[in-house]
Amino acid sequence: MTTTREPADPAAALAEPVERVGRGWTSALSLANGAIWVGWYGPLQILLASQAKDFAPGSGMSKETMLAWVTGVGAVVSLAANPVFGALSDRTTSRWGRRTPWIVAGTAGGALSLLLLAGAGGMWTMMLGWGLVQLTLNAAFAAVTAAVPDRVPRLQRGSVGGWLGAAQILGVVGGTGLATAAGGIGAGYVACAVFTALGVLPYVLRHPDLRLAPADRPPWSWRAFLAGFWLSPRRYPDLGWAWLTRFLINLSNALVLLYLLYYLRDRLHYSDPDQGVLILTAVNGLTLMATVVVGGVWSDRVGRRKPFVIWSGMLMAVATALLSVWQTWPGALVASAVLGIGFGVFTSVDFALMTDVLPKAVDRGKDLGVINVANALPQVAAPALAAPIVTYLGGYRVLYLVAAVIGLAGAWLVGRIRGVD
């Protein structure tokens, strides 16, 4: 078994990693990643939709519209928070390292924000609470993500990305399960908050972070700091195409997940839609778990990324189309299973591909933050696109056909990336 060296030399923070990380490091970082996703997806899958259903009567808007406003505002916050906190962690010269302070502060703030949501009394407090959750947990997520190119050599990133992806889906399933099993909206938020706070402790307590030497920190300038968030597609074309493919495939996935609770209740008339979401999430999670690590390890061994991303994107598009043409509970189960197979491979290999196209070591956190905008921006675009389609332009059948076409476009554009095999 490989071990993880804990470098004392501050120059190691900007060096290209060459020593393989061990299982303990990977497990602890994966747990921290999964804990953050619990904090996001307990609310997104169950709790926010349930609150919108409760608060919508008498508000002058439908539950779908209220949920779209709340999640849209949170996604806008996420758009800015992830790259900004990634850039700030790049510049941090703390004795505890560049990333650890932000992981600790972000998860603590996220747990407190989830408790604020537990006491929300209407749409405005929902917006405030969810915006704070996105702000704080994105600070932690930016730091967790940047730890991979900091510490993991290139030919191990597919497998590490696979374990992070497995933790991500377990976080989605765990968050959904906690929100469902807690016995109420307030109790669900408390359960997610506690798990999120505790889940990062093994990593921050057992694995010292790389320290950045003050001499290696670039001089401060507001102009340079803000200008650094623009990564020119002409100067970095591979990064630009990789960003666009991730955005499109994540937009397709966001369109599937956004109204899943309402799809089961209003279109399929499923008797217990909350339980239905949990079942579909579990089925999706099982098939994803079956492929996420295998896909990453396989990609590392053959030294190729693009074919895995292309075929997984196409498989996800097929699964999404099934929700449009086979609108039954068995159809939803099959679609969830197929979607999990595709998304498992995509999650691990696409993450490795993204780290392979990063321009500079000194900006890893900021650049990954910009790339992670491709995860958050679909949360803004999906409600704006989905609400009018469901309400005025053909309902769920058209929504899932549109989502399938978007996913296919993302898979096709992976071929434009030239610098990665």
Exercise for the section: Identify, among 370, 269, 134, the residue whose Cα sits farthest towards the positive end of the charge dipole of the chain, taking +1 on the Cβ of Lys and Arg and -1 on the Cβ of Asp and Glu, with the dipole about the Cα centre. Expected result: 370
Exercise for the section: Can you tell me which of 80-91, 49-60 comes out highest on packing, and rank the rest after it, using the mean Cβ neighbours within 10 Å? Expected result: 80-91, 49-60
Exercise for the section: Rounded, prolate or oblate: pick one for segment 187-249, where a ≥ b ≥ c are the square roots of the eigenvalues of its C-alpha gyration tensor, a/c under 1.5 means rounded, and failing that, prolate if a/b is larger than b/c, else oblate. Expected result: oblate
Practice task
Heavy atoms only, probe 1.4 Å: what % of the accessible area of segment 308-421 goes to carbon and sulfur, would you let me know?
Solution key: 73
Practice task
Only loop residues by DSSP count here, and only those with at most 15 other Cβ atoms within 10 Å; note down the chymotrypsin sites (Phe, Trp or Tyr not before Pro) in segment 322-355 that meet that.
Solution key: 326
Completion exercise
Counting only DSSP loop positions in segment 217-309, the trypsin sites (Lys or Arg not before Pro) whose Cβ has at most 12 other Cβ atoms within 10 Å are 234, 235
Problem - For segment 55-102 and segment 125-163, distance of Cα centres in Å - result: 12
Practice task
May I ask you to give the solvent-accessible area per residue for the chain, in square angstrom, as obtained with a 1.4 angstrom probe?
Solution key: 40
Fill in the blank from the handout: Per the helix-only model, the chain has a calculated mean residue ellipticity at 222 nm (DSSP H runs of ≥4, -39500 (n - 2.57) each, divided over all residues, rounded to the nearest 500) of -25000 deg cm²/dmol
Fill in the blank from the handout: A correct Karplus calculation of ³J(HN,Hα) over segment 129-138, with 6.51 cos²θ - 1.76 cosθ + 1.60, θ = phi - 60°, whole Hz and x for Gly and Pro, returns x, 5, x, 5, 4, 5, 4, 6, 5, 5
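The values are calculated or read from the model by the stated rules, or taken from the named source; none is laboratory data. Computed from a prediction, not measured in an experiment: that's the story for all the values here. Backbone-built Cβ (ideal geometry, glycine too); neighbour counts: all protein chains shown. The accessibility values were calculated without ligands, DNA or RNA, using every heavy atom of the protein model including side chains. Shrake-Rupley method; radii C 1.70, N 1.55, O 1.52, S 1.80 Å.
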